[in-house]
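Below: one structure, written as structure tokens.
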Amino acid sequence: MKKVALVTGGSRGIGAATAQQLAAAGYAVCINYLHNHDAAQQAVQGILVQGGTAIAIQADVAVEAEVVRLFSELDQQLGRLDALVNNAGILMQQCRLEDLTAERINRLFSTNVTSYFLCCREAVKRMSSRHGGQGGAIVNVSSAAARLGSPNEYVDYAATKGAIDTLTKGLSVEVANEGIRVNCVRPGLIYTTMHADGGEANRVERLKSGVPMQRGGTPDEVAAAIGFLLSDAASYITGSFVDVSGGR
Ligand code: NAP
């Protein structure tokens, strides 16, 4: 029987590349998305034509009831969950801290942080030997921004990623003896359309000279690190952070 993986925000960018690589590695993949039905269907089709197994489930992972529904639909359609990739995330228009509002900060934290906690909660309930589960692996997608702070761009976004690093550390120890490994990847400047949401579609081009490797990264390069951390090759790795950021 195929292992089952859930990729939140799997319709585009890093999530879509991860879903594709996990399917090629033999997982049945559930692609979660928010609005972009066409992109989600395209990601599913891309896997099906390669002979893989994939479904798409729309759910806003920032909303608790939607997360509960997402996991329950996944249970029904694919069965036992083996791997969770917490990847769905947003950023907003670049600005300085004195221009932030509580509404914006709260929206970022509910999408980028609360959702990761809720999906981890539902995954642990299914994977933990404490609850009769067979174990599993979780990878949280954080960001180099957690280390760098994103000054003059989005300190609020960077702070959400700092919270993900702390979540990874705490949860990894909490469930280490229950068959679950919890790790984190921290991408740097990756070519996706997310940068356009911050108002600068060409952000990677502007900043890449500051990267020791002098280039941006691809979604596939991040997906490869996620796939490794989920795999049996990483069986003694938990609570670890892999920076996929060209040396920055
Ligand atoms: P992206 O291309 O903008 O894709 C975002 C994905 O998240 C889409 O599939 C989107 O669904 C989904 N999504 C957004 N809000 C959601 C919600 N509330 N519920 C469910 N799904 C939701 O992003 P990306 O660049 O691949 O980034 C993926 C992750 O990597 C994020 O956590 C991001 O912070 C992190 N990261 C990215 C970079 C980078 O340079 N790109 C660097 C460091 C870290 P729809 O298609 O339906 O909108």
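The values are calculated or read from the model by the stated rules, or taken from the named source; none is laboratory data. It should be emphasised that the depicted structure is a prediction, and the values quoted were computed from it without experimental measurement. Every residue, glycine among them, receives a Cβ derived from its backbone with ideal geometry; neighbour counts consider all protein chains shown. Quick note on the areas: whole protein, heavy atoms, side chains included, nothing else; ligands and nucleic acids left out. Shrake-Rupley method; radii C 1.70, N 1.55, O 1.52, S 1.80 Å.
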**Asked** Nearest 20 debye, what's the magnitude of the dipole of the chain about its Cα centre given +1 on Lys and Arg Cβ and -1 on Asp and Glu Cβ?
**Response** 440
**Request:** With label points built 7 Å along Cα→Cβ from the Cα atoms of ALA176 and VAL63, find their separation and express it in nm.
**Result:** 3.8
**Prompt:** Accessible area per residue of the chain at 1.4 Å probe, in Å²?
**Reply:** 45
**Message:** For the chain, what does the helix formula give at 222 nm: sum of -39500 (n - 2.57) over DSSP H segments with n ≥ 4, over the residue count, nearest 500 deg cm²/dmol?
**Reply:** -12500 deg cm²/dmol
**Request:** Using only Cα atoms, find the angle between the long axis of helix 155-174 and the longest principal axis of the chain, and express it within 0 to 90 degrees, rounded to the nearest 10.
**Result:** 30
**Item:** Residues listed by number, the range 173-198, amide nitrogen under 20 Å from MET92 label point at 7 Å toward C-beta
**Value:** 193-198
**Karplus-derived HN-Hα couplings along the range 42-47 (A = 6.51, B = -1.76, C = 1.60, θ = phi - 60°), whole Hz, x at Gly and Pro** = 5, 5, 5, 4, x, 7
**Item:** Set of the range 145-165 residues, backbone N closer than 18 Å to the point 7 Å along the Cα-Cβ line of ALA102
**Value:** 156
**Asked** Where the centroid of each part is defined by its Cα atoms, how far is the range 1-77 from the range 146-182 in Å?
**Response** 23
**Request:** Amide H neighbours of ARG80 under 5 Å, at least 5 residues apart or on other chains, H built in the peptide plane: list them.
**Result:** none
**Message:** From the phi angles alone, apply the Karplus equation (6.51, -1.76, 1.60; θ = phi - 60°) to the range 114-126 and give each ³J(HN,Hα) in whole Hz, x where the residue is Gly or Pro.
**Reply:** 4, 4, 5, 4, 5, 5, 4, 4, 5, 5, 4, 4, 8
**Message:** I'd like to know which of ALA137, ILE47, ALA5 lies farthest towards the positive end of the charge dipole of the range 4-243, counting +1 on Cβ of Lys and Arg and -1 on Cβ of Asp and Glu.
**Reply:** ALA137
**the range 12-22 - phi-based ³J(HN,Hα) in whole Hz, Karplus 6.51/-1.76/1.60, Gly and Pro as x** = 9, x, 4, x, 5, 5, 5, 4, 5, 5, 5
**Request:** On the protein heavy atoms, probe 1.4 angstrom, tell me the percent of accessible surface of the range 4-243 carried by carbon and sulfur.
**Result:** 52
**Message:** Using DSSP to call loops (not H, G, I, E or B), can you name the trypsin sites (Lys or Arg not before Pro) in the range 61-103 whose Cβ has at most 12 other Cβ atoms within 10 angstrom?
**Reply:** ARG96
**Request:** Would you pull out the residues with amide H under 5 Å of THR53's amide H, same chain only if 5 or more places away, H placed 1.01 Å from N?
**Result:** VAL29
**Request:** Let me have the relative contact order for the range 128-248, percent, based on Cα pairs under 8 Å that are six or more residues apart.
**Result:** 30
**Percent RCO, i.e. relative contact order, over the chain, from Cα pairs under 8 Å lying at least 6 residues apart** = 19
**Qualifying chymotrypsin sites (Phe, Trp or Tyr not before Pro) in the range 190-241, DSSP loop, other Cβ atoms within 10 Å at most 13** = TYR236
**Item:** the chain: most fluctuating residue of PRO219, PRO151, PRO187 per GNM, C-alpha cutoff 10 Å
**Value:** PRO151
**Asked** For the chain, modelled as a Gaussian network with Cα springs under 10 Å, which listed residue fluctuates most, LEU167, LEU100, LEU34?
**Response** LEU100
